[in-house]
1. Out of curiosity, is A96 among the aliphatic types (A, V, I, L, M) and either farther than 22 Å from G224 by Cα or outside any loop (DSSP other than H, G, I, E, B) (or both)?
2. Return the pair list, or none, for Cβ contacts closer than 6 Å from residues in the stretch 108-125 that are at positive phi to residues that are of a type in the set (A, V, I, L, M, F, W, C) and part of a loop (DSSP other than H, G, I, E, B), at least 6 apart or on different chains.
3. Can you name the residue in the stretch 67-93 that is over 18 Å from C123 (Cα atoms) and of a type in the set (D, E, K, R) and is also surrounded by the most Cβ atoms within 10 Å (Cβ to Cβ) among such residues?
4. Going by the conditions given, is V187 outside any loop (DSSP other than H, G, I, E, B) and modelled with pLDDT under 95?
5. List the residue pairs whose Cβ atoms are under 7 Å apart, where the first residue sits in the stretch 63-85 and is part of a helix (DSSP H, G or I), the second is surrounded by fewer than 22 Cβ atoms within 10 Å (Cβ to Cβ) and not hydrophobic (A, V, I, L, M, F, W, C), and the two are 6 or more positions apart or on different chains.
6. Looking at the stretch 38-66, which of its residues are more than 26 Å from A101 (Cα to Cα), of a type outside the set (V, I, T) and surrounded by fewer than 18 Cβ atoms within 10 Å (Cβ to Cβ)?
7. Checking the conditions here, which among R237, R214 is within 30 Å of A101 (Cβ to Cβ), assigned to a helix (DSSP H, G or I) and over 17 Å from the mean Cα position of the chain (by Cα)?
Amino acid sequence: MFEPPLALASLSGEADAEWALAAADHAGAAFLGGIALDAPAREAARRLVARDRKEFLPADPLAFIDDQLATVADAEATIRPGINVRAATKEPIREAAAICADYDAILEINAHCRQAELCAVGCGESLLADNGRLADYVAVAAAEEAAVSVKVRAAVDGVDLLAVAEAIEAAGGDGIHIDAMDSEPVVGAVADATKLFVIANNGVRDADSVRRYRRLGADAVSVGRPSRDPGGQVFGRVADAVVQHTPEANP
């Protein structure tokens, strides 16, 4: 899905094209967003802003996605962009996926955010308990010939993440971005049971954490907060470790 096997995980209200390009020499992918696509998701995002959370709320979300992906494309960077999106309905997922397909970008469906405002309207983590609707989102995006990944959270009460992963794969998804939440073995279980491209997230800060996830079967790892400082020590350690622990570097 991308090389080197290091991704920048979306940061609410911060992860834009400029952010992605700042780390383009070291990461293989960057997930911009998240972007609230439809009226329920946008209203939830406004409520989050009202309690001092950063959110992207452009007047036209689809035009914003097109502009951000065009900016990355115009820079001729090697990093592959993705767009993390939230929606309570599937039609805007399809529209966003069509734009991603035009730029060879990854459409990342957000089944991860756990804020009450988002879950109340059917976005974010609430999708983990509704495999049918999540699968519908994946299927409509895949039909647009976009690469499709889903950002998920492990250790959610009542959720069988392996069943979620299998539903994503059956619907035509290409990848799964797992916030392991101190449940790291689930990364290996998903990697063993599916052919999805597995991106592992949570606690990736050094060579040991990269090695641990890669040995579990993750195809790539991702970082969130360290991506704010691509010249910093933490990001540098991870970027170096990713190169050291690729199959090519370890014949």
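1. In short, yes.
2. Cβ pairs passing all conditions: G122/A88; G124/C113.
3. R80
4. For V187, the condition - outside any loop (DSSP other than H, G, I, E, B) and modelled with pLDDT under 95 - is not met.
5. Qualifying pairs under 7 Å: F64/P58; Q68/D16; L69/Y103; A73/Y103.
6. Within the stretch 38-66, E43, R46, R47, A50, R51, D52, R53, K54 meet the criteria.
7. R214
Here's the yes/no breakdown for (1) part of a helix (DSSP H, G or I); (2) of a type outside the set (F, W, Y); (3) in contact with a Leu (Cβ under 7 Å, 6 or more places away or on another chain); (4) at pLDDT 95 or above:
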| residue | (1), (2), (3), (4) |
| --- | --- |
| K151 | no, yes, no, yes |
| V156 | no, yes, yes, no |
| E169 | yes, yes, yes, yes |
| M181 | no, yes, no, no |
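The values are calculated or read from the model by the stated rules, or taken from the named source; none is laboratory data. Not measured: the values here are computed from a predicted model. In this analysis, Cβ positions are derived from the backbone assuming ideal geometry, glycine residues included, and neighbour counts consider all displayed protein chains.
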